[in-house]
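One structure below.
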Amino acid sequence: MWFKDVVLESNSVTLSPLRTEHAEALVSAASDGNLWELWYTSIPNKESVGDYIRAALAEKEQGLALPFVVIDRASGKIIGSTRFCHADIGNQRVEIGYTWYSKSFQRSSINTECKLLLLSHAFETLDAIAVEFRTHWHNQASRNAIARLGAKQDGILRNHQKTPEGLYRDTVVFSIINLEWTAVKTSLQHRLARHSG
């Protein structure tokens, strides 16, 4: 197994392994902004949170994913979720996805801190050669956030998936490769230092 349970921590945030008992706190976090109303992404609500967690833990059991809850260290509250997913162990590639945060924590340093923790773990502990990010073509905020991390756009998978509503999703694929990691890490650390300064 490539993934082992781990707690990752920075100044403001703790990433802790997702558990079944996090259901209520996740719904509460997603209620800040009614995030499940976004049509181009999949964020759990009261009805879907059980299936959301079961699916994440099933992929973890298969060694394909490592899901986390995002905890704000100041309040101790769960404010979102993120995970390593679609692991290709033979080729040492992994994706960071299923990322969302309560509306009041969006546009803060939280995303940068989370990504720095996850990317450091991927490149420095898992020895990944590439980390992917994928997002919906229409999710402009996510595309901009991924580009700001220093990821490069690989391409667009057209008609990549069919949504439960019968719509076709074009998926934009970005990646950071191991040779770029030192520069990306320096850039993220610099951004965080400026934010806290």
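Checking A183 against (1) in contact with a Gly (Cβ under 9 Å, 6 or more places away or on another chain); (2) surrounded by 15 or more Cβ atoms within 10 Å (Cβ to Cβ), only one condition comes out false. Which one?
Among (1) in contact with a Gly (Cβ under 9 Å, 6 or more places away or on another chain); (2) surrounded by 15 or more Cβ atoms within 10 Å (Cβ to Cβ), A183 violates only (2).
Across segment 49-79, what is the number of residues that are hydroxyl-bearing (S, T, Y) and either surrounded by 15 or more Cβ atoms within 10 Å (Cβ to Cβ) or in contact with a helix residue (DSSP H, G or I) (Cβ under 6 Å, 6 or more places away or on another chain) (or both)?
Just the residues of segment 49-79 that are hydroxyl-bearing (S, T, Y), to begin with: 52, 75.
If we keep only those that are either surrounded by 15 or more Cβ atoms within 10 Å (Cβ to Cβ) or in contact with a helix residue (DSSP H, G or I) (Cβ under 6 Å, 6 or more places away or on another chain) (or both) as well, we get 52.
Looking only at that region, the number is 1.
So which residues in segment 186-197 are over 17 Å from the mean Cα position of the chain (by Cα) and surrounded by 12 or more Cβ atoms within 10 Å (Cβ to Cβ)?
Within segment 186-197, the subset over 17 Å from the mean Cα position of the chain (by Cα) is 186-187, 189-197.
Those that are over 17 Å from the mean Cα position of the chain (by Cα) and surrounded by 12 or more Cβ atoms within 10 Å (Cβ to Cβ): S187, Q189, R191, L192, H195.
Is there a residue in segment 134-146 that is of a type in the set (A, V, I, L, M), loosely packed, with under 14 Cβ neighbours inside 10 Å and within 20 Å of H121 (Cβ to Cβ)?
There is no residue in segment 134-146 that is of a type in the set (A, V, I, L, M), loosely packed, with under 14 Cβ neighbours inside 10 Å and within 20 Å of H121 (Cβ to Cβ).
Could you list, in sequence order, all residues of segment 63-119 that are polar (S, T, N, Q) and within 26 Å of N178 (Cα to Cα)? Give the derivation first.
Within segment 63-119, the subset polar (S, T, N, Q) is 75, 81-82, 91-92, 99, 102, 104, 106, 108-109, 111-112.
Once the filter is applied, which keeps residues that are polar (S, T, N, Q) and within 26 Å of N178 (Cα to Cα), segment 63-119 yields S81, T82, N91, Q92, T99, S109, N111, T112.
Could you please give the count of residues in segment 127-168 that are charged (D, E, K, R) and farther than 22 Å from Y101 by Cα?
The first filter runs over segment 127-168 and keeps only residues charged (D, E, K, R), leaving 127, 132, 134, 143, 148, 152, 154, 158, 162, 165.
Narrowing further to those that are farther than 22 Å from Y101 by Cα: 127, 152, 154, 158, 162, 165.
Of the residues in segment 127-168, 6 are charged (D, E, K, R) and farther than 22 Å from Y101 by Cα.
Just name the residue that is modelled with the lowest pLDDT out of those in segment 1-25 that are among the hydrophobic types (A, V, I, L, M, F, W, C) and within 22 Å of H86 (Cα to Cα).
Start the filter on segment 1-25 by keeping residues that are among the hydrophobic types (A, V, I, L, M, F, W, C), which leaves 1-3, 6-8, 13, 15, 18, 23, 25.
Narrowing further to those that are within 22 Å of H86 (Cα to Cα): 1-3, 6-8, 15, 18.
Details: M1: 75, W2: 92, F3: 96, V6: 98, V7: 98, L8: 98, L15: 98, L18: 98.
My answer is M1.
I'd like the residue in segment 30-54 that is over 20 Å from L167 (Cβ atoms) and among the aliphatic types (A, V, I, L, M) and, out of all such residues, is modelled with the highest pLDDT.
Among those that are over 20 Å from L167 (Cβ atoms) and among the aliphatic types (A, V, I, L, M), it is I53.
Could you identify the single residue in S187, S175 that is closer than 21 Å to H121 by Cβ, assigned to a strand (DSSP E or B) and modelled with pLDDT of 95 or more? Explain how you work it out, then say what you get.
Working: S187 fails: assigned to a strand (DSSP E or B).
Matching residue, one of S187, S175: S175.
Test A58 against the stated conditions and say whether it is under 14 Å from the mean Cα position of the chain (by Cα) and at pLDDT 95 or above. Write out each step before concluding.
Numbers: under 14 Å from the mean Cα position of the chain (by Cα): no; at pLDDT 95 or above: yes.
So A58 does not fit the description; no.
Which residues, taken from segment 118-137, are under 12 Å from F84 (Cβ atoms), among the hydrophobic types (A, V, I, L, M, F, W, C) and outside any helix (DSSP H, G or I)?
L126, A128, V131, F133
The values are calculated or read from the model by the stated rules, or taken from the named source; none is laboratory data. Here the structure is a predicted model, which is why all the values come from computation and not from measurement. We place every Cβ from the backbone using ideal geometry, glycine too, and count neighbours over all the protein chains shown.
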